[in-house]
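Some notes on the structure that comes next.
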Amino acid sequence: MNFITKKHLSRRTFLRGTGVTLALPLLESMLPAQTPTAAPRTRLAFIFFPHGVTMDKWTPSTIGADFEFTPILKPLEPFRDYLNVVSNTYAPMAYGPDASAAANHSRSSAVFLTGTKPEETPRAVNGESVDQVAARAIGQDTPLPSLELTVEEGGLTSPFRNTISWKSPTSPLPMEHNPQVIFEKLFGDGANEAERKARRQQSRSLLDSVMDQIGMLQSQLPAGDRGRLNDYLDDVREIERRIQKSEKQMEAAKLDVPDTPTGVPDAFEDHIKMLFDLQVLAFRAEITRISTLMLAHELSNATFPATNIRDGFHNLSHHSNNRANMDRFAELNAYHHSIFGYFLEKLKTTPDGDGSLLDHSLVLYGSGMSDGNQHNHTPLPMLLAGKAAGALKGGRHIKLAKLTTHSNLLLTILHKAGVNAEKFGDSTGVIADL
């Protein structure tokens, strides 16, 4: 098989085997000879966490390039040059008709990416989310227009709390929590489920069925591309190995839980890192350019054994303005930010064209709630990471005018990704300082 014509290797080259469709990372051989390097396409990731933060330990006091890293932001200091901390946004659409109605977790996550007031009717109604606007514009030439992930299983029984992605006002998208299902979605061939299951049971790699094609392709690649391809295949193998390890651990435990899905790690940190790694693989191979991820659902009372905190997540957010409780909540917030830092490090160290995936990505990390004790939605903890393929510079704390709708930030993200929408949600314009 001849993969490379006299011109170049197609960007949409796939290796196909039994139950496998393997996309490839960007290689120099995919660029036509004697032409300048193709402009990289911006990847967009939207990451949500519930319950807000301890705001006085999140918000920098200094504006501009010399801002200090507060206790919660401190784990992200190695990525200063890639960060824009954006303060003073708020979510007016998350408030109810009166002050008492503001205490509603569902609206917090529902408006995070829509900027639209949700209608809590028998059939949930919301707005189209920003990731889906982007998917329509820049995600139609990839195998998956978008990818929706979550750490906690939930389905769509409570769509306002269990998803942040809406394809239309009445079409919430389910978010997948099982790494095995996601892995098969990225690399499996949907027509051969029985064969894929048999392969997993025999602990065989999906790469086994395309090894001949890999060998032929490598024989046609220059040395630099062979190295890039080998690094990518090593990452695919490693994630597959970790998923298989999780499956075997569950089988060895012989838990009497017949509906428990295989491939889901027990530990939060193992689970979310696997989800981040899958996002990086999907971005690297351009299986998709757009992803969403929920660290937890609103009202989640998850605990995080990797910290010294034993309180449930939601319970601790109701700190009653007790300083000791607020400080412990800030410690938990900092832990979550450190986990986000893992994702940024993976993006930063993954090559992509003339830079890294972090150079060519724009990541929103934030919450639809400010102070979980008050259930308020102003000011929101929001930050951007990545350089959006040169459309954004980092290293700044940008303090907006008070009560700037967060839809302005979402609209700005669209523009930085090359989607020139005139309006989004309740936006009043783009953020000029970005």
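Closer than 17 Å to residue 51 by Cα and either under 13 Å from the mean Cα position of the chain (by Cα) or not aliphatic (A, V, I, L, M) (or both): is that true of residue 341 in this structure? Even if it seems obvious, please write down each step before you answer.
Details: closer than 17 Å to residue 51 by Cα: no; either under 13 Å from the mean Cα position of the chain (by Cα) or not aliphatic (A, V, I, L, M) (or both): yes.
Answer is no for this residue.
Pull up the stretch 114-172, narrow it to residues that are among the aliphatic types (A, V, I, L, M) and in a loop (DSSP other than H, G, I, E, B), then point me to the one that is surrounded by the fewest Cβ atoms within 10 Å (Cβ to Cβ). Full working, then the answer.
First, pick out the residues of the stretch 114-172 that are among the aliphatic types (A, V, I, L, M): 124-125, 130, 133-135, 137-138, 144, 147, 149, 151, 156, 164.
Keeping just the survivors that are in a loop (DSSP other than H, G, I, E, B) gives 124, 144, 151, 156, 164.
Working: 124: 20, 144: 18, 151: 19, 156: 14, 164: 30.
It comes out as 156.
Please state which of the following conditions residue 343 fails to meet, knowing it meets all the rest: (1) surrounded by fewer than 20 Cβ atoms within 10 Å (Cβ to Cβ); (2) closer than 21 Å to residue 289 by Cβ; (3) of a type outside the set (A, V, I, L, M).
Against the list (1) surrounded by fewer than 20 Cβ atoms within 10 Å (Cβ to Cβ); (2) closer than 21 Å to residue 289 by Cβ; (3) of a type outside the set (A, V, I, L, M), residue 343 comes up short only on (1).
Please pick out the residue among 96, 64 that is assigned by the TED database to the domain that holds residue 362, surrounded by fewer than 16 Cβ atoms within 10 Å (Cβ to Cβ) and either at pLDDT 95 or above or within 23 Å of the chain's Cα centre (by Cα) (or both). Break it down into steps so the answer makes sense when it comes.
Details: 96 fails: either at pLDDT 95 or above or within 23 Å of the chain's Cα centre (by Cα) (or both).
Just a single option satisfies the conditions, and that option is 64.
Go through the residues of the stretch 148-155 one by one and say whether even a single one is in contact with a strand residue (DSSP E or B) (Cβ under 8 Å, 6 or more places away or on another chain), charged (D, E, K, R) and under 23 Å from residue 288 (Cα atoms).
We begin by selecting, within the stretch 148-155, every residue in contact with a strand residue (DSSP E or B) (Cβ under 8 Å, 6 or more places away or on another chain); these are 148-152.
With the extra rule that they be charged (D, E, K, R), the set shrinks to 148, 152.
Right, trim to under 23 Å from residue 288 (Cα atoms) and you get 148, 152.
Yes, the stretch 148-155 has at least one match.
Within the group 361, 356, which residue is surrounded by fewer than 24 Cβ atoms within 10 Å (Cβ to Cβ), in the same structural domain as residue 320 (by the TED database) and modelled with pLDDT of 95 or more? Can you show your working first?
Working: 361 fails: surrounded by fewer than 24 Cβ atoms within 10 Å (Cβ to Cβ).
Just a single option satisfies the conditions, and that option is 356.
Going through the stretch 376-434 one residue at a time, which ones are on the phi > 0 side of the Ramachandran plot and buried (at least 18 other Cβ atoms within 10 Å of the Cβ)? Break it down stepwise before answering.
Narrowing the stretch 376-434 to residues on the phi > 0 side of the Ramachandran plot: 386, 388-390, 395, 403, 418, 425, 429.
Of everything in the stretch 376-434, those that are on the phi > 0 side of the Ramachandran plot and buried (at least 18 other Cβ atoms within 10 Å of the Cβ) turn out to be 386, 388, 389, 425.
Give me the residue from the stretch 22-41 that is part of a loop (DSSP other than H, G, I, E, B) and touching a Gly at 6+ places or on another chain (Cβ under 7 Å) and, out of that set, modelled with the lowest pLDDT. Break it down stepwise before answering.
So the first thing to find is which residues in the stretch 22-41 are part of a loop (DSSP other than H, G, I, E, B), and the list is 24-27, 31-41.
Among the residues that remain, those that are also touching a Gly at 6+ places or on another chain (Cβ under 7 Å) are: 26, 37, 40.
Numbers: 26: 83, 37: 55, 40: 81.
Looking at the filtered set, the residue picked out is 37.
May I ask you to verify whether residue 219 is hydroxyl-bearing (Ser, Thr, Tyr), in a helix (DSSP H, G or I), farther than 16 Å from residue 17 by Cβ and modelled with pLDDT of 75 or more? Lay out the reasoning, then the answer.
Details: hydroxyl-bearing (Ser, Thr, Tyr): yes; in a helix (DSSP H, G or I): yes; farther than 16 Å from residue 17 by Cβ: yes; modelled with pLDDT of 75 or more: yes.
So residue 219 passes the test.
Output the residues belonging to the stretch 43-65 that are touching a residue at least 60 places away in the same chain (Cβ under 8 Å), among the small types (Gly, Ala, Ser) and not in a strand (DSSP E or B).
Result: 65, single match.
The values are calculated or read from the model by the stated rules, or taken from the named source; none is laboratory data. All figures in this text were calculated on a predicted structure; none of them were measured in a lab. So basically every Cβ, Gly included, is an ideal-geometry build from the backbone, and we count neighbours across all protein chains shown.
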